[in-house]
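A.B. asks: Shown below is the structure under consideration.
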Amino acid sequence: MKRKIYEKLVDWKVKDHKKVFLLIDGARRVGKSWIVEEFAKREYDTYILIDFNKANSEIKGLFTEYLNDLDNLYMRLMALFQVRLIPGKSLIIFDEVQHFPPARAALKYLIADGRYDFIETGSLISIQKNVENIVIPSEERHIKMYPMDFEEFLWATGNEMMMDAIRKNFETRKQMGQALHRKAMDLFRQYLIVGGMPQAVAEFIATHDLDEVDKTKRDIIELYKGDIAKHAGRARTRVRRIFDDIPSQLQKHEKKFQFSKLGKSGRFRDYADSMFWLQEAMIINVCTNSTEPNVGLKLNEERSSLKCYMGDTGLLISHAFSGNELAAENLHKRLLFDNIELNEGMIMENIVAQMLTSTGRTLHFFSSSDRIDSSSNMEIDFLIANTKIGRKKNIVPIEVKSGKRYTTTSLDKFIAKYGPYLDRPYILHAKDLEVRNGVICLPLYMAPLL
């Protein structure tokens with residue numbers, strides 16, 4: 001499967017491999033190990049992959065006992081893995097490095113030696129127990145890896161030209177046209193259901209059986225539950241409560257996460273560390289309320305007011321109907337044929353959050369309520385900042401509409417109140433592109449291009 005992160009790996013090898021090593025961070029099963037090993041096979045003469053989730057004490061001991069004798073360390077590595085390392089032409093991969101933090105610290109000395117290139121992969125990289133008692137090398141460059149985005153899904157399913165057409169029409173602000181828009185929306189709905197986890201996409205390509213795809217996704221969800229039980233420590237009960245409650249919270253019209261629903265007297269401060277654990281594991285995407293729509297969205301965060309999305313929308317759909325396969329099968333059909341009665345808004349909002357996150361955006365929304373002044377009651381699904389910071393009109397409001405008929409009351413109020421700070425507002429909807437009263441209405445599949 002073609003993944004965009006591959007180009008970042010090539011760029012690193014061309015420009016910076018002698019100065020820094022890479023750390024690829026991502027959720028379990030997003031394809032970290034696969035893409036790094038594929039890169040090693042294509043770009044190097046030889047490589048060694050050390051999986052610290054399985055490595056024995058003899059292998060781990062090399063990185064504590066022989067840091068002052070690298071000739072001996074490398075000789076023993078070659079003997080253990082039966083691979084000849086060639087200076088300047090070999091890569092060493094530390095896979096799942098969070099299971100052995102001393103190896104991560106040792107890379108400061110290994111990169112200074114200069115003989116070989118190094119890449120790490122891991123999850124939960126910043127969790128306290130995975131960084132305690134080590135000094136994180138300044139030579140480490142951190143890259144996040146996400147589930148497959150819509151374009152990668154299109155490539156994998158043999159629709160290699162579709163995103164080029166979508167991108168061209170986005171840039172020229174022209175409609176896709178009835179036939180092309182219908183085709184793009186059909187593919188987008190497939191992406192909604194399947195999601196971007198490579199195993200699920202591979203199953204879909206092999207079988208086109210959504211029930212089998214659903215089984216694959218449920219296996220991944222069970223893996224996440226197992227990780228929570230094994231690695232979340234004392235917080236595991238609260239982490240699991242948040243994880244289990246995500247679909248229920250997103251089905252509400254008001255999608256702000258209500259910690260009071262998790263237990264008696266539940267408060268943000270009680271669950272903040274647990275929310276961070278899920279965010280650090282990249283299982284969820286957190287969207288925080290920015291109380292003032294100006295250039296510094298992060299400066300005006302209200303951290304206790306947030307929305308919690310699943311990192312992969314395909315997993316959200318399977319998670320929402322966990323234990324009810326018949327309901328999930330029915331949902332798949334309704335989503336495919338755009339005939340759905342439940343709150344489709346949660347699915348569409350989740351996929352937009354996923355798309356924006358995969359482009360490197362930090363997620364913010366805007367929410368305001370006033371019992372006296374109704375003109376101040378509004379909620380905007382997402383806010384992003386224009387990359388041209390010098391401009392006064394810098395904030396881009398985004399509303400997500402799942403149906404073909406909708407109102408824009410909140411967006412109208414927001415534009416009236418904060419117009420001097422706003423760049424062009426957007427609505428993401430199921431229809432083709434149109435410009436309406438200064439608002440650009442885009443088909444949902446154009447969200448990654450904002």
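A.B. asks: Let me spell out the model: positive unit charges on the Cβ of Lys and Arg, negative unit charges on the Cβ of Asp and Glu, origin at the Cα centre of the chain. What dipole size does that give, in debye rounded to 20?
C.D. replies: My answer is approximately 1060 debye.
A.B. asks: If each residue's Cβ is checked for other Cβ atoms within 10 Å, how do 171, 151, 120, 292 rank with the fewest at the top? Mind dumping the intermediate values first?
C.D. replies: Details: 171 9, 151 22, 120 26, 292 13.
The fewest-first ordering by Cβ neighbours comes to 171, 292, 151, 120.
A.B. asks: Rounded to whole Å, give me the distance from the Cα center of segment 401-450 to that of segment 1-80.
C.D. replies: Measuring centre to centre over Cα atoms gives 44 Å.
A.B. asks: With a cut-off of 8 Å between alpha carbons and a minimum separation of six or more residues, what is the relative contact order of segment 150-449 in percent? Don't skip to the end; give the middle numbers.
C.D. replies: Working: 440 pairs, mean separation 50.6, N = 300.
Rounded, it is 17 percent for segment 150-449.
A.B. asks: Restricting things to alpha carbons, find the Rg to Rh ratio for segment 344-450 using the Kirkwood radius for Rh.
C.D. replies: The Rg/Rh ratio comes out at 0.95.
A.B. asks: Also, quick follow-up: Quick one: Cα convex hull volume of segment 101-156, Å³ per residue?
C.D. replies: Taking only Cα atoms, segment 101-156 has a hull volume of 108 Å³ per residue.
A.B. asks: Can I ask one more? Starting from the Cα-Cα distance between residue 362 and residue 260, subtract it from 0.36 nm times their residue separation and give me the gain in nm to one decimal.
C.D. replies: Net length gain for the segment: 34.2 nm.
A.B. asks: Something else: What distance in nm separates the simple spin-label points at residue 405 and residue 241, each placed 7 Å from Cα in the Cβ direction?
C.D. replies: Here the answer is 4.1 nm between the modelled labels.
A.B. asks: Enter the per residue convex hull volume of segment 5-145, computed from alpha-carbon coordinates, in Å³ rounded to the nearest integer.
C.D. replies: 102 Å³
A.B. asks: Roughly how large, in nm² to one decimal, is the mean projection of the convex hull of the alpha-carbon atoms in segment 19-97?
C.D. replies: Values: hull surface 23.1 nm².
Here the figure is 5.8 nm², rounded to one decimal.
A.B. asks: How much FRET efficiency would the formula 1/(1 + (r/R0)^6) give for residue 205 and residue 16, where r is the Cβ-Cβ distance and R0 is 30 Å, rounded to 0.05?
C.D. replies: That pair, residue 205 with residue 16, gives E of 0.30.
A.B. asks: In a Debye calculation with equal point scatterers on the alpha-carbon sites of segment 94-213 and no solvent, what is log10 I(q)/I(0) at q = 0.13 Å⁻¹?
C.D. replies: For segment 94-213 at q = 0.13 Å⁻¹, log10 I(q)/I(0) is -0.73.
A.B. asks: Between residue 173 and residue 84, 0.36 nm times their residue separation minus their Cα-Cα distance comes to what?
C.D. replies: Gain on stretching residue 173 to residue 84: 26.6 nm.
A.B. asks: List the pair-distance distribution P(r) of the chain, using every Cα-Cα distance, as the percent of pairs falling in each 20 Å bin from 0 up to the bin containing the longest distance, rounded to whole percents.
C.D. replies: 23, 53, 22, 1
A.B. asks: Out of the DSSP beta bridges found with both residues in the chain, what percent are antiparallel (nearest 5)? Don't skip to the answer; put the middle values down first.
C.D. replies: On the way: 18 of 48 bridges.
Close to 40 percent.
A.B. asks: Ok, one more. Select from 131, 194, 213 the residue whose mean-square fluctuation is largest in a Gaussian network model of the chain (Cα-Cα springs shorter than 10 Å).
C.D. replies: Evaluated over the chain, the most mobile residue of the options is 131.
A.B. asks: Moving to a separate point now. Nearest 500 deg cm²/dmol is fine: what mean residue ellipticity at 222 nm does the chain get from its DSSP H runs of n ≥ 4 alone, each adding -39,500 (n - 2.57), divided by its residue count?
C.D. replies: -14000 deg cm²/dmol
A.B. asks: May I pose another question? Treat the count of other C-beta atoms within 10 Å as a stand-in for reagent exposure and order 108, 255 from fewest to most.
C.D. replies: Working: 108 16, 255 23.
In increasing order of surrounding Cβ atoms, one gets 108, 255.
A.B. asks: Taking one equal scatterer on every alpha-carbon of segment 360-412, how large is log10 of I(q)/I(0) by Debye at q = 0.16, 0.21, 0.31, 0.32 1/Å?
C.D. replies: For the requested q values the scattering log ratios are -0.61, -0.90, -1.17, -1.20.
A.B. asks: Take residue 270 and residue 41, extend 7 Å from each Cα along the Cα→Cβ direction, and tell me the distance between the two endpoints in nm.
C.D. replies: So the two model labels end up 5.0 nm from each other.
A.B. asks: When 308, 287 are ordered from fewest to most other Cβ atoms inside 10 Å of their Cβ, what list results?
C.D. replies: 308, 287
A.B. asks: May I ask for the distance between the Cα centers of segment 290-309 and segment 208-287, given as a whole number of Å?
C.D. replies: 21 Å
Every read-out reported here was derived from the displayed coordinates using simple, explicitly stated rules and does not represent laboratory data. The shown structure was predicted, so the numbers you read here are calculated from the model rather than taken from an experiment. Note that we place each Cβ from the backbone using ideal geometry, even for glycine, and neighbour counts take in every protein chain shown.
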